[in-house]
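S.K.: The structure that follows is given in the form of structure tokens.
The values are calculated or read from the model by the stated rules, or taken from the named source; none is laboratory data. The shown structure was predicted, so the numbers you read here are calculated from the model rather than taken from an experiment. With ideal geometry, Cβ positions are generated from the backbone for all residues, glycine too; neighbour counts draw on all protein chains shown. What goes into the accessible areas is simple: the full protein's heavy atoms, side chains included, and nothing from ligands, DNA or RNA. Shrake-Rupley method; radii C 1.70, N 1.55, O 1.52, S 1.80 Å.
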Amino acid sequence: MNSWDWSRLAALDLPALLCGSALALAASSAGTLLLLRRQGLFADGLSHAVLPGVVLAFLWTGSRAPAVLLAGGLSAGLVLALATRATARRAPLDAGAVLGALYPLFFAFGLLLLEGASGGDLDLAPSHVLFGQLEQLAWRAPSDLEGWLDPASYRRLPGLVWHSLGLWLGSALWLRLAGRALFASGFDPVGARLLGLRPGLFEAATLVCCAAIAVGLFQVGGVVLALALLLVPAACARLLTDRYRTQFRLAALFGVLLIWAGYGLAVFLLPALLGTQSLSAAGGISSLAGLLLLGVARFGPRRARV
Amino acid sequence: MDFELFWRALCLDAGPNHAWVAAALCFLGAAAGQVGSFALLRRRALLVDVLGHATLPGVAAAFLLALALGLEPRSLAWLWPGGALSAALATYAADWLLARTRLEPDAVLGAVLASFFGLGLLLLSHIQTLPGAASAGLDRLLFGQAAALQRSDAVALLALALLAGALASLYGRRLRTLAFDPGFARLAGFRPERLDRLLHALLGLVALAALPAVGAVLAVALVVLPAATARLWSDSARRMTHIATGLGAAAGYLGAALSRAAPELSTGPLLVCLLGLAFAGSLAVAPRHGLLWRGLRRRAALERWRAERALP
């Protein structure tokens, strides 16, 4: 691209960046919670296992409304969590092996449903599941100042943008309300129980929260982006600080930074250098995430194992 | 899906190409099950996932390099070394992060997987925008398409699977010892670090062999599911390896026939769902660890206890 095209910027890049930033904020706090509770494995599991739920919800209702797919993906995530727990308790397999067996199975089942049922007319193609659709969120942006002031034009924003903003607000509210209890039950379950809190309940609620965010990420950015945004910002923050609150803030900062830098890399910088069309934004964001983690591990303080 | 064709494919009567593909998938499944049983005992299930996904950037880069040099870019002779290199880099990065930071292994492996696979997707999205038919066929490597394998590719796959299986048989006893008791393995003079590296290399070989047939994304299931199923049937490590090998071979053979009869479906998901059925069935009815017998034994024990307590 030779010159800045403002209408393109508002029509294509603004919704993508809004959506991505909201999801990154939500995902960074969910990832931090998972990492603090040593449940990083569930980020792997949830990001893959929501697929059959999303596909079944779509096939059953015929609707692609974000809320419908959210309900489907959420139930699949919970089924995975319960199945893993039940199997690991009864079978002679550790939780890692059970999850390693079950989540590819969920994913494969979802892919098979997708390929078998679609016959090509579904616009949720299997490769879509990997690449996501971040760079394809289009908005008929207003062309003049009057349009920008008119609330009606914001109603035309893609549903996924509002959906991700809702997920962010919901998770932020949950964190604000339950922050102290989560902190207590995460570090000291017995003490929390003595105080009259119910750690099991908070754990379940947090898992639901994380699953909802994973579904949102999955719908927008595909499996890889979901995994990268859940794990990497939180891991980087974990290496930089020992304080609970700072860790959440740093993770949020890293998440939004990754979205903007990765999107810029894949959609503006690389195509300009190579002279091609825009590349996969999810791919750009995830590769930058890896570089960020390597950089923090190499140059950051407080990185040693205690 | 064409049932007659499926039946003919099962009897190896669906063209000479199919016989090779079926043999290749059969041995691939066997090697994956065999190596997987060691990986499961050594708790390396997630590493397999990382290795499978991490082949993608190397494969895509090798493809681009071959294209730039004017060579045939889809040949496995190019793609495999590229994939092996990037998988090795991913293992190295994960090891480095684990040694240097306080992050949990789960988090490190997940992050490495996501970043390598993300890089692969970035390169792949570039390849897809290239003009002409040059890029066609590379996205088969994501979910696998066994029915579309050329005979030469099938033979190469067969050879790689045989190599992995032979190495695993040769070192089987040592790998088992290492999984059960690393301390004793060291005392017995086995050098645990080297054996671990061998296990990682074997897993990498299986992931590479799985690439054209099962795909990068689901290679992990081919390795973990037969081994996990076999674990439910036996408490002896040797027998577990044998069961996993046989199960993998059977699933590979069946998967090849299914893929031949339903070419519109990717082979990876098909094969994994087959293995998943076996896992779920075993979880229900396996003699010692299955839910059914467990429940019955538990009920019998309760009854016995009640009867004993009722006595004066």
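S.K.: Suppose R0 equals 56 Å; then what is the FRET efficiency for residue B:303 and residue B:191 from their Cβ-Cβ distance, rounded to the nearest 0.05? Numbers along the way, then the final one.
M.R.: Details: r = 52 Å, r/R0 = 0.93.
E(calc), rounded to 0.05, equals 0.60.
S.K.: Quote the Stokes-Einstein diffusion coefficient, in whole µm² s⁻¹, for region A:151-200, based on the Kirkwood radius over alpha carbon pairs, a temperature of 37 °C and a viscosity of 0.692 mPa s.
M.R.: 251
S.K.: Run the numbers on region A:24-59: which residues show a drop of 10 Å² or more in accessible area, chain on its own versus all protein chains together, using a 1.4 Å probe over heavy atoms?
M.R.: Relative to the lone chain, where solvent access is computed with a 1.4 Å probe, region A:24-59 loses at least 10 Å² at A:35, A:38, A:40, A:41, A:44, A:48.
S.K.: If you take the charge dipole of region A:170-306 about its Cα centre, with +1 on Lys and Arg Cβ and -1 on Asp and Glu Cβ, which of A:270, A:211, A:233 is farthest toward its positive end?
M.R.: A:233
S.K.: For the interface of chains B and A, what total accessible area is buried with a 1.4 Å probe, rounded to the nearest 100 Å²?
M.R.: That pair of chains buries around 5000 Å² in total.
S.K.: Oh, and also: At R0 = 22 Å, how high is the FRET efficiency between residue B:11 and residue B:242 if r is their beta carbon distance? Nearest 0.05 is fine. Please report the intermediate quantities before stating the final value.
M.R.: Values: r = 26 Å, r/R0 = 1.19.
FRET efficiency, residue B:11 to residue B:242: 0.25.
S.K.: About the Cα centre of the protein assembly as shown, how large is the charge dipole given +1 on each Lys and Arg Cβ and -1 on each Asp and Glu Cβ? Please answer in debye to the nearest 20.
M.R.: Value, rounded to 20: 2900 debye.
S.K.: Largest first, how would B:27, A:218 line up by accessible area (1.4 Å probe)? Walk me through the numbers on the way to the answer.
M.R.: Working: B:27 90, A:218 15 Å².
Largest accessible area first, the list is B:27, A:218.
S.K.: Using square roots of five times the C-alpha gyration tensor eigenvalues, list the equivalent-ellipsoid semi-axes of region A:31-134 in whole Å, biggest first.
M.R.: So the equivalent ellipsoid measures 26, 15, 12 Å along its semi-axes.
S.K.: Among B:36, B:52, B:82, which one shows the highest mean-square fluctuation when chain B is modelled as a Gaussian network with alpha-carbon springs under 10 Å?
M.R.: The residue with the greatest mean-square fluctuation here is B:82.
S.K.: Further, regarding this structure: Using 10 Å bins from zero, what percent of all Cα-Cα pairs in chain B falls into each bin?
M.R.: 6, 25, 31, 22, 9, 4, 2, 1, 0, 0
S.K.: Using the scaling law 2.2 N^0.38 Å as the reference, what is the normalised Cα Rg of region B:173-258?
M.R.: 1.23
S.K.: Along the charge dipole of the protein assembly as shown, pointing to its positive end and built from +1/-1 on Cβ of Lys, Arg, Asp and Glu, which listed residue (A:21, A:110, B:200) has its Cα farthest out?
M.R.: Value: B:200.
S.K.: On average over all directions, what projected area in square nanometres does region A:127-286 have, based on the convex hull of its Cα atoms?
M.R.: Computed as one quarter of the Cα hull surface, the answer is 12.3 nm².
S.K.: If you don't mind, another one. How much accessible area per residue does chain A have, in Å², with a 1.4 Å probe? Working shown, then result.
M.R.: Values: 13510 Å² over 306 residues.
Here the residues of chain A average 44 Å² of exposed surface.
S.K.: What number does chain A give for Rg over Rh if you use C-alpha atoms and the Kirkwood radius?
M.R.: Expressed as Rg/Rh, it is 0.98.
S.K.: Could I ask something else about it? Where does the protein assembly as shown land at 222 nm, in deg cm²/dmol rounded to the nearest 500, when only DSSP H runs of n ≥ 4 count, each adding -39500 (n - 2.57), divided by all residues?
M.R.: -26500 deg cm²/dmol
S.K.: When the accessible area of the protein assembly as shown is split by element with a 1.4 Å probe, what percent falls to carbon and sulfur?
M.R.: Within the protein assembly as shown, the accessible surface is 64 percent carbon and sulfur.
S.K.: Angle, helix B:237-261 long axis vs. longest principal axis of chain B, Cα atoms, 0 to 90°, nearest 10?
M.R.: It works out to around 50 degrees.
S.K.: Moving to a separate point now. Using the Kirkwood formula on the Cα atoms of region A:25-64, what hydrodynamic radius do you get, in angstrom to one decimal?
M.R.: 11.6
S.K.: List the residues of region B:36-68 that lose 10 Å² or more of accessible area once all protein chains are present, compared with their chain alone (1.4 Å probe, heavy atoms only, no ligands or nucleic acids).
M.R.: In region B:36-68, residues shielded by partner chains: B:40, B:43, B:45, B:46, B:49, B:53.
S.K.: Something else about it: With every protein chain left in place, what is the accessible area of residue B:171 in Å² (1.4 Å probe, nearest 10)?
M.R.: 70
S.K.: If I histogram all Cα-Cα distances within region A:1-83 using bins 5 Å wide from 0, what percent of pairs lands in each bin?
M.R.: 3, 13, 15, 17, 17, 14, 9, 7, 4, 1, 0
S.K.: Further question: Counting Lys and Arg as +1 and Asp and Glu as -1, each charge on the Cβ, what is the dipole of chain A about the Cα centre in debye, to the nearest 20?
M.R.: 1400
S.K.: To continue, here is another question. Can you sort A:143, B:236 by solvent-accessible area, 1.4 Å probe, largest first? The partial results should precede the final answer.
M.R.: Working: A:143 115, B:236 40 Å².
The most accessible residue leads, giving A:143, B:236.
S.K.: Stretched out fully, how many nm does the piece from residue A:10 to residue A:150 gain, at 0.36 nm a residue minus the Cα gap?
M.R.: Computed gain between residue A:10 and residue A:150 is 48.9 nm.
S.K.: What translational diffusion coefficient, in µm²/s and rounded to a whole number, does the Stokes-Einstein relation yield for region A:106-216 at 37 °C and a viscosity of 0.692 mPa s, taking the hydrodynamic radius as the Kirkwood radius over Cα pairs?
M.R.: Stokes-Einstein gives a translational diffusion coefficient of 183 µm²/s.
S.K.: Enumerate the residues in region A:54-95 having an amide nitrogen under 17 Å from the point lying 7 Å beyond the Cα of residue A:169 toward its Cβ.
M.R.: Answer for region A:54-95: A:66-67.
S.K.: Starting from 0 in steps of 20 Å, tell me what percent of the Cα-Cα pairs of the protein assembly as shown lands in each bin.
M.R.: 20, 53, 24, 3, 0
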